[in-house]
Amino acid sequence: MTIFGGFAKGFTNCFKAFSIIFDKGLWPFLIYPLVLWIATLVLSLLGMALLADYLSNRVNGYLQLDSIPEAGHWLSFARPFLIAKTGFLIAWIIKILLWFVSSIFSKYLLLILLSPLFALLSERADEKLTGQSFPFNFGQLLKDIGRGIVISLRNMLLEYFFTFVCAIATLLFAPLGLVAAVFLPLLSAYYVGFAMLDYNCERYRYGVGKSIRIIKANKGYAIGIGLVYNLFMLLPFFIGDLIGLMFGPALAVVGATISFIEIKKQIDGSNQFVNN
């Protein structure tokens, strides 16, 4: 399947998940991410504010603007403005930078913290869709959680790397900013969809290497799934936030399960990916 065909399937499968979630009694999984996200959001905002204040105070101390004499220095004429405004500007610049960094980190923190829930929801959706039973195994659940954390950390580091590369490239050649504006949202969606699809690979005992090869070969699915997740998480205003947090993760997980069942049928019908 082409990347565009996979994208369309992954995207639409997430919206097919609406009926599955409500018809198959999976609706309680809509509530858990909301509760956890509110707790992590409050803590992260508090931590970011404290860190920003600390860093801005250190930078202001390093600049030593108070030491500029009122006369006789080349900056004396600007001393009142610098003392009044520079600290404010530095604080906001640091807050913007921290927000940019934490926006990626908080996304993956949510994926890590919700790994047990996502793994369980993916399993329950698979049982409802295929009739196949997956008896509860606490040891296997711990393995699923551990693998989900490792995959999320891997994807987070890769996204930070490519974001940094795009930022440097844009500074060196500004028109590349237009390319980065398209590339980075798609990259973010791909890594989110990657994590959602991997819960299924782990459940069917696919090794990490095999999982990576399968998802790379079906990157269109991953991008479509991740884009739905990101769009819901970006819904504006308070009500939008609540809807996004309730539906975004659950739709992406169930949509990834639907997509994986389709991908697995293709794999089982061919000789691809026979090795772990």
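We did not get these values from a lab; they are worked out from the coordinates using the rules stated. Computed from a prediction, not measured in an experiment: that's the story for all the values here. Quick reminder, even Gly has a Cβ in these numbers, built from the backbone with ideal geometry, and neighbours come from all protein chains shown.
Taking the average, over residues, of other Cβ atoms within 10 Å as the packing measure, peptides 189-197, 257-265 rank 189-197, 257-265 from highest down. Subtracting the Cα-Cα distance of Val208 and Ala181 from their residue separation scaled by 0.36 nm leaves 6.7 nm.
Maximal additional length on extending the Ile3-Ser133 stretch stands at 43.7 nm, based on 0.36 nm per residue less the C-alpha distance. Rounded to the nearest whole Hz, the Karplus-based 3J(HN,Hα) values (6.51 cos²θ - 1.76 cosθ + 1.60, θ = phi - 60°) of segment 112-121 follow the sequence 5, 5, 9, 3, x, 5, 5, 4, 5, 5, with x at glycine and proline.
Along segment 185-193 the Karplus relation, 6.51 cos²θ - 1.76 cosθ + 1.60 evaluated at θ = phi - 60°, assigns HN-Hα couplings of x, 5, 5, 4, 4, 4, 5, 5, x Hz to successive residues, with x for each Gly and Pro. Computed extension length for Leu36-Leu172: 44.9 nm, one decimal, from 0.36 nm per residue of separation with the Cα-Cα distance subtracted. Near Lys264: Cβ cut-off under 15 Å, other residues only, Lys/Arg at +1 and Asp/Glu at -1. The net charge is -1.
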